[in-house]
Amino acid sequence: MKKALILYGSRYGTAKDTSEKIRDILEKKDIDVKLVNVEEQQPSLMGFDGVLIGTGIKIGMWMKKIKKFLKKHSKELTNRKFKFGFFVNCGTASEKEKITEAKEKYIDNKMQKLELSCDIAAAFGPIYDFSEASRMGNMSQKIMKAGLEDDGWEQIEDILYDLRDMDQIQKFAEDFALLLSK
């Protein structure tokens, strides 16, 4: 049985939820998955056939602990004996025609600066949570709503907007599973 590590950093829960969905798909493919929040644990990369790392984007930036983790493990990621994948959740990727732009901006360019490369990468849309249960603060919600209105969104309600393409997530997870089988 192949083993995979999914390590994520999530400010408001989107990268966590995306990671859980990917885990569920991989487990259906008979892959043993360890799911880890980078805020709670900094696991070793040894003993895995695949490592998948995901982060949310806020103001154009990855979560700091994800970047620190990549820097700390740069040798292992450069000289790896496992498949390496990376994904982001960001507003830009909520529009299909901008997914490539989001991937280049938030993955390819940032990986290049760290002198890293991955075998598979994807940019997924976000979840905007304007409900009372949201972990997003009031000021962040106001700023986000104003930005969305500037982008042409009409009447933003105090609910959850899931702008991820679930078919895209499904395909990405299946492609990662295929990489692990090679």
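No value in this document is a laboratory result; all are computed from the given coordinates. Nothing here was measured: the structure is a model prediction, and the numbers come from that model. Neighbour counts are summed over all protein chains in view; Cβ atoms, including those assigned to glycine, are modelled from backbone coordinates with ideal geometry.
Taking the 0 to 90 degree range and rounding to the nearest ten, how far is the long axis of helix 14-28 tilted relative to the main principal axis of the chain, both from C-alpha atoms?
Helix 14-28 sits at roughly 40 degrees to that axis.
What distance in nm separates the simple spin-label points at Leu114 and Ala133, each placed 7 Å from Cα in the Cβ direction?
3.1
Just for the chain, what percent of DSSP beta bridges are antiparallel, to the closest 5? Don't skip to the answer; put the middle values down first.
Working: 4 of 29 bridges.
Restricted to the chain, the bridges split so that about 15 percent are antiparallel.
Between the helical axis of 166-181 and the dominant principal axis of the chain, each derived from Cα atoms, what acute angle in degrees is found, rounded to the nearest 10?
10
Note the angle between two axes, namely the Cα long axis of helix 138-150 and the longest principal axis of the Cα atoms of the chain, as a number of degrees from 0 to 90, rounded to the nearest 10.
80
Mind sorting Ile107, Ile159, Ile120, Ile59 by how few other Cβ atoms lie within 10 Å of their own Cβ, fewest first? Write out the running numbers ahead of the final one.
Values: Ile107 21, Ile159 11, Ile120 16, Ile59 5.
So the residues, fewest neighbours to most, are Ile59, Ile159, Ile120, Ile107.
Multiply the residue gap between Ser140 and Met166 by 0.36 nm, knock off their C-alpha separation, and tell me the result in nm, one decimal place. Walk me through the intermediate numbers first.
Values: separation 26, 0.36 × 26 = 9.36 nm, distance 2.57 nm.
Gain in length upon complete extension: 6.8 nm.
Which pairs break 21 Å Cα to Cα here: Lys71/Lys105; Lys65/Lys96; Lys28/Lys65; Lys96/Lys142?
Details: Lys71/Lys105 19 Å; Lys65/Lys96 28 Å; Lys28/Lys65 29 Å; Lys96/Lys142 25 Å.
Result: Lys65/Lys96; Lys28/Lys65; Lys96/Lys142 exceed 21 Å.
Mind jotting down the distance between the C-alpha centroids of the stretch 148-169 and the stretch 64-92, whole Å?
27
Provide the FRET efficiency to the nearest 0.05 for the Thr78-Lys182 pair, computing r from the beta carbons and using R0 = 25 Å. Can you show the working numbers first?
Numbers: r = 20 Å, r/R0 = 0.80.
The computed FRET efficiency comes out at 0.80.
Give the average over all directions of the projected area of the C-alpha convex hull of the stretch 1-137, one decimal, in nm². Intermediate values should be presented prior to the final figure.
Numbers: hull surface 34.1 nm².
Reported value for the Cα convex hull: 8.5 nm².
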